[in-house]
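Take this structure first; my questions come after.
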Amino acid sequence: MSIKKIHYISGLTITIFIGLHLFNHFCSIFGADKHIEVMKTLRHFYRNIFAETILLLVVIVQIISGLKLFRSNRKIADSKFDKLQIWTGLYLAIFLIIHLSAVLGGRLFLQLDTNFYFGVAGLNSFPLNLFFIPYYGLAILSFFGHVAAIHNKKIKSNWLNLTPNQQAKAILIFGLMLTVTIFYGLTNQFKGVKIPKDYEVLIGKY
């Protein structure tokens, strides 16, 4: 099996988890309690030794194969969507390394529940939010940009009388709208979230 095929299969697996993860974040528009409630329900499916082991292995495979594909394809990418696929893939690989390390560190070393407050501590604290807003925002946009680029390349059907290029652009627009909506919820409708004392260590308070 080629590295491109392996990367595609691992990507489909991760996409399922990311879809659930983004849906969970979307629920934050109804408040932190609703976000945590939905998270606890979803954790029955992915927070167990079997699912987490598979997910961790798939993420590692995705990162390694993605970086190799980036090195081999970045100089031959010619179309806008080819370039979008290459560079969003690189950002997602970097993001996954940082994000996975942070989550595992929070769970294993800080002994924190990596819930809503773990994710939004930096988003709602100045000057940390100057990093975390583009960090998270680009991650979501890169995900939809990567999906849009692959969709544009692989889709053959004429869905709703839209060309593959138009469908890919629709995916990008949806991704942008969802990003704004998620940030609206994760910052408590832009008013800011009160961070519980246990999570203040994440923003430099002890």
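Which of the helices in the chain, when you take each full DSSP H run, stretch at least 30 Å along the axis at their Cα atoms and have an average Kyte-Doolittle score of 0.5 or higher?
Numbers: long enough: 3-26 (33 Å, 0.90); 49-73 (35 Å, 1.60); 80-108 (41 Å, 1.06); 129-154 (37 Å, 0.72); 164-186 (33 Å, 1.07).
Flagged H segments are 3-26, 49-73, 80-108, 129-154, 164-186.
Over all distinct alpha-carbon pairs, what is the Kirkwood Rh of segment 148-206 in angstrom?
It works out to 14.5 Å.
Also, quick follow-up: Dimensions of segment 3-203 along principal axes (Cα, Å, largest first)?
Taking max minus min along each principal axis of the Cα atoms, segment 3-203 gives 50, 34, 33 Å.
Once the Cα gyration tensor of segment 125-174 is found, what semi-axes does its equivalent ellipsoid get, as square roots of 5 times the eigenvalues, in whole Å, sorted largest first?
31, 9, 5
Could you put Glu200, Glu52 in order, starting from the residue whose Cβ has the fewest other Cβ atoms within 10 Å?
Glu52, Glu200
Determine, from the Cβ-Cβ distance of Ile9 and Thr181 and an R0 of 25 Å, the FRET efficiency 1/(1 + (r/R0)^6), rounded to the nearest 0.05.
Details: r = 30 Å, r/R0 = 1.20.
So the FRET efficiency works out to roughly 0.25.
While we're here: Work from the charge dipole of the chain (Cβ charges, +1 for Lys and Arg, -1 for Asp and Glu, about the Cα centre) and give the residue of Ile173, Phe26, Asn115 farthest towards its positive end.
Projecting each Cα onto the dipole axis, the largest value belongs to Ile173.
Another one. So how strong a dipole does the chain carry about its Cα centre when Lys and Arg Cβ are +1 and Asp and Glu Cβ are -1, to the nearest 20 debye?
620 debye
Read-outs throughout are calculated quantities, based only on the coordinates presented, and are distinct from any laboratory measurement. Here the structure is a predicted model, which means the values were calculated and not measured. Quick reminder, even Gly has a Cβ in these numbers, built from the backbone with ideal geometry, and neighbours come from all protein chains shown.
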